[in-house]
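Read the structure below first, then the notes.
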Amino acid sequence: VQLVESGGGWVQPGGSLRLSCVTSGISFDLYSMKWYRQTPGMERDFVAGITRRTEVTTYADSVKGRFTISRDNARKTVYLYMNSLQFEDTAVYYCHAYLNDVISYWGQGTQVTVSS
């Protein structure tokens, strides 16, 4: 099983990035997909999620209206579109594939840095 994130990088405040998480080794359409983020010394926090069939989306309050999560089952990929980025969005972003409380997988993370 592999979850490979990409699309991170450096961006100025107000800018945009699109993160991608390409999966392999799982039946992607059976998994709910989520994005988390983590800064040094802090816990990993939920950012956004999308369910497997109905594709219902949920967001942390801090990113509502700025971030959009979507999935492409044919490509086994989940995306996170990030707009109006702020200094506080700087973190390592992780992709998470969730089947149930026993079976879930994490990617290796991609760094997002918002700086002027």
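The values are calculated or read from the model by the stated rules, or taken from the named source; none is laboratory data. Because the structure is predicted, anything quoted here is derived from the model rather than measured. As a convention, Cβ positions derive from the backbone with ideal geometry for all residues, glycine included, and neighbour counts pool all protein chains shown. Surface accessibility is based on the protein's heavy atoms, side chains included, excluding ligands, DNA and RNA. Shrake-Rupley method; radii C 1.70, N 1.55, O 1.52, S 1.80 Å.
Note on residue 108 and residue 4: their simple-model spin labels are 0.9 nm apart, each label 7 Å out from Cα toward Cβ. Estimated at 0.36 nm per residue, the fully extended path between residue 115 and residue 30 surpasses their Cα-Cα distance by 26.9 nm. Across the chain, the mean sequence separation of Cα contacts (distance under 8 Å, 6 or more residues apart), normalised by length, yields a relative contact order of 37 percent. Placing a label point 7 Å from the Cα of residue 87 along the Cα-to-Cβ direction, the residues of region 7-21 with a backbone N closer than 15 Å are 11-15. Length gained on full extension, residue 70 to residue 58, computed as 0.36 nm times the residue gap minus the Cα-Cα distance: 3.2 nm. In order along region 64-72, the Karplus-derived 3J(HN,Hα) couplings, from 6.51 cos²θ - 1.76 cosθ + 1.60 at θ = phi - 60°, round to 4, x, 10, 10, 9, 9, 8, 9, 10 Hz, and Gly and Pro are given as x. Peptides 18-29, 76-87, 49-60 ordered by packing proxy, namely the average of other Cβ atoms within 10 Å per residue, highest first: 76-87, 18-29, 49-60. Accessible surface computed residue by residue for the chain, with neighbouring protein chains in place and a 1.4 Å probe, gives 53 Å² per residue. Only protein atoms count toward the accessible area here, which uses a 1.4 Å probe; on region 20-76, the carbon and sulfur part of that area reaches 48 percent.
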